[in-house]
Structure formats: C-alpha cells, structure tokens
Amino acid sequence: MTLPVHVQEDLIAAAREVCAKAYAPYSKHRVGAAVLTQEGNIYQGCNVENAAYPLCVCGERNAIAKAISEEGPSMQLKAVAIINGEEKVCTPCGACRQVISEFGQSTQVIYMGAQGWTSVPIYTLLPGVFEFEPEVA
C-alpha cells in the first residue's frame, strides 16, 4: 500500500513540527514522529531524554502511546513518519520497529534515507518480528 503524496507530506510536516519540541539536552538528537491510524487520525510524538539513558522514550513510541490513549487498545497504524532535527538519515530504532509492528505489520514507515525520503512497510525493516501467542488453557 502506497500512501498518496499529500498524505506523506502531511505526516512529514507533523513530524517536523513536533521535532522542535523534543527534550534532548544530552544527545542533542531531536526526533519527531507522526502516526496515521486506520481511523484517519494523526498523532504526534517527540523523543524525551533522561540523564539515565535507559529511561529515554523515542518519538515514535510517544506518538503511538498518544494514539492508543485516544483511540484505545484496538488502534491500528496505517503509517509513521520520522524526522530528526538535522533532517539526515533517520530510521526507527529496533525497539520502535517492534512497537510499530505490534499495531500494524504493513504500516508504512516514512523516513529520510540515504537517497531522500523513503516509504517502506515495517516488515521490510523488521523481518522475523517477535509475536506473542498466549497459551490456550
């Protein structure tokens, strides 16, 4: 599924806008993300660092959490756009790839790649995704 260009541009603009609000005093690596849900809503998130680095939260996961808090646990992703403050190559980290796939294994991921803006389904960035299947009692 390829998103229309104007939808991709809207997501990139939303990610760029929220990137400016990132809290990144340690790494100075600001990241903004915008997610588009199957319901057609766009939610933004930015990274929030902490002096204890493991407590940092990525922009993608913040945007997804916001979407869930608004739409509930059945929320499904259609697309995610990611940008950093320098507008250089920026793909989602491994943890974010796993979380994105949890809410839509064919979610389109829009990011700045080596050749410019790129849009690919999450399963190409995270082959062999971990899936939990609870035991049936």
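The values are calculated or read from the model by the stated rules, or taken from the named source; none is laboratory data. What you see is a predicted model, and the numbers here were worked out from it, not measured in a lab. Virtual Cβ from ideal backbone geometry, glycine too; neighbours counted across all protein chains shown.
Tabulated results
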| item | result |
| --- | --- |
| Condition check for Val80: out of contact with any Gly (no Cβ under 6 Å at 6 or more places or on another chain), of a type outside the set (S, T, N, Q), surrounded by fewer than 21 Cβ atoms within 10 Å (Cβ to Cβ) and modelled with pLDDT of 95 or more | no |
| Top-ranked residue in segment 121-132 [being part of a helix (DSSP H, G or I) and touching a residue at least 12 places away in the same chain (Cβ under 8 Å); ranked as surrounded by the most Cβ atoms within 10 Å (Cβ to Cβ)] | Ile122 |
| Matching residues in segment 10-39 - criterion: being out of contact with any helix residue (DSSP H, G or I) (no Cβ under 9 Å at 6 or more places or on another chain) and farther than 18 Å from Val109 by Cβ | Glu17, Ala20, Lys21, Tyr23, Ala24, Pro25, Lys28, His29 |
| Residue tally, condition surrounded by 13 or more Cβ atoms within 10 Å (Cβ to Cβ) and either out of contact with any Phe, Trp or Tyr (no Cβ under 9 Å at 6 or more places or on another chain) or within 13 Å of Ala33 (Cβ to Cβ) (or both), over segment 103-116 | 9 |
| Verdict on Ile64 being touching a Ser or Thr at 6+ places or on another chain (Cβ under 6 Å), modelled with pLDDT of 95 or more and of a type outside the set (Asp, Glu) | no |
| Test: Leu11 is modelled with pLDDT of 95 or more and either closer than 21 Å to Trp117 by Cβ or of a type outside the set (Phe, Trp, Tyr) (or both) | yes |
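Here is a yes/no grid of residues against (1) farther than 18 Å from Pro92 by Cα; (2) within 14 Å of the chain's Cα centre (by Cα); (3) not hydrophobic (A, V, I, L, M, F, W, C):
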| position | (1), (2), (3) |
| --- | --- |
| Thr2 | yes, no, yes |
| Val5 | yes, no, no |
| Val18 | no, yes, no |
| Lys21 | yes, no, yes |
| Glu39 | yes, no, yes |
| Tyr43 | no, yes, yes |
| Ala51 | yes, no, no |
| Asn62 | no, yes, yes |
